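The values are calculated or read from the model by the stated rules, or taken from the named source; none is laboratory data. These numbers come from a predicted model, not from an experiment. Don't worry about glycine lacking a Cβ; one is built from the backbone with ideal geometry, like all the others, and counts go over all protein chains shown.
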Amino acid sequence: MRESENHFSGVSAVVASEWAERFGTPLFIMDEAGVLQRFDSLRQAVQTRYPHSIVSVSYKTNCLKGLLARLHQAGAHAEVVSGLEYAIADEIRLPGQRIIFNGPMKTREEIEKAIKDQAIINCDHDDEIELIAAVAQRMAKTVSIGLRIYFSDTQSSWNRFGFQVDKELAQAETRSLVDKILKSPYLKLGGVHMHIGTNIRDLRQFRQMGQCLGLFASALKSIYQIELEWIDVGGGLAGISPLRADSHNRHLPLPDAEAYANAVIAPLLPYLHGASQPPLLIFEPGRTLFEAYGALLTRVVGRRHQKDSLPAVILDAGINTLSTSYRYDFPIRCFADTKSARLTQLWGPTCNQADQLHTPLALPELSVNDLLMFYGVGSYCMAFSYSFIRFRPGVILWRGGSHAEWLRLPESLLHNSMIGHIPESIAREARQ
């Protein structure tokens, strides 16, 4: 099966009904074989071109502990952007040397742990550099840090995070940033980090990033005699789900891993091969790793027929479940047997006028209890689902055939009771 194909086409109506009965709906599903296949394709593509490469999984994209543990068993490193995500990697027992710690907020305690664990730390802003220096001083250590950077003269680089630099270190601001690190006895410039955007299909943007990083690294070497320990090229590669603006209710092909790896690595090779010690090249896939291999099984709970509008069905999944449906028209599979199709609206179960999961599309006439499957929902959807009016659904790991196991249990009133609290003063007043 090619990576661009819909892996969930192998889920029969019988299996879908079995899962709905056993696990309930709405229900998220992750395809274990698909995720591992995509990871292996990415890893082989980058390591064939530059053996000193690693693939670090973006935790924020889909932070399911069991799935992440499976990826780490397969050789993946971790890219975390918070102390919470770092703690999850720690709970999985991933060694610190396999953790990349990014993000704009790192507490003193989190930085101290990362230093002790020998994790790679990429800095986002000036105050963070100063905080790391202070922690390193208290620990009597010299710490290698990376800088998240973006270039002012490129169109493909986000500027919400990191430091603006020029490629050849000609500007005083860029040199001042480097000098600040070099003057500290507790810091060493060990790496650079870029992340140019999200859902990118135009590989020319990654090629331009590679060219810019190569020039910047070469300038550091020629001007400061700095040879980088790592170059982190981030993520940003697209998945399969079309934006609503260009949706035709079809999934797009996954970008080719080989072409992507070549776009990033080829312009970097002159620098990489010229280094006395080959730097580590870090890739941080998220959307392109998970998106195609996640699905949502949902059930029709009601129908509406209004004189002046299209027919509609009410599903047990809504915008609280697929909160990014306002932006993406996720591909849909219908398990109903009827052949006649008509334009149908898909509404969620919440008391919210905007709870619409898809632009109207042609579907068979649906009845209560019919099942639909949204696919291409493996990135961010599970992380972004929230308890609004109804609890968050559970997630299962599909392991082939009808075999599936829980990755995350559905939320329940028990979870709410554990964290909800009635102040004693209010409870006392109620008893009076």
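General remarks:
- Strands (runs of 3 or more DSSP E) wholly inside the stretch 336-414 containing at least 3 residues that are of a type in the set (G, A, S): none
- For the residues I332, I314, the requirement of being farther than 14 Å from P360 by Cβ and in contact with a strand residue (DSSP E or B) (Cβ under 6 Å, 6 or more places away or on another chain) singles out I314.
- Being closer than 26 Å to Q277 by Cβ and hydroxyl-bearing (S, T, Y) is a description that applies to S222.
- Selection of the stretch 218-248 for residues being in contact with a Phe, Trp or Tyr (Cβ under 6 Å, 6 or more places away or on another chain), of a type in the set (G, A, S) and crowded, with 23+ Cβ neighbours inside 10 Å yields only S241.
- Residues (under 19 Å from R399 (Cα atoms) and surrounded by fewer than 21 Cβ atoms within 10 Å (Cβ to Cβ)) located in the stretch 46-70: C63, K65, G66, A69, R70
- Taking the criterion of being closer than 11 Å to V57 by Cβ, of a type in the set (G, A, S) and either touching a His at 6+ places or on another chain (Cβ under 9 Å) or not in a loop (DSSP other than H, G, I, E, B) (or both), the residues of the stretch 70-107 that qualify are A78, A89.
- Sole exception among (1) at pLDDT 95 or above; (2) out of contact with any helix residue (DSSP H, G or I) (no Cβ under 7 Å at 6 or more places or on another chain) for R160, by number: (1)
- Options I181, I129: the member that is in contact with a Ser or Thr (Cβ under 9 Å, 6 or more places away or on another chain), surrounded by 17 or more Cβ atoms within 10 Å (Cβ to Cβ), among the hydrophobic types (A, V, I, L, M, F, W, C) and at pLDDT 95 or above: I129
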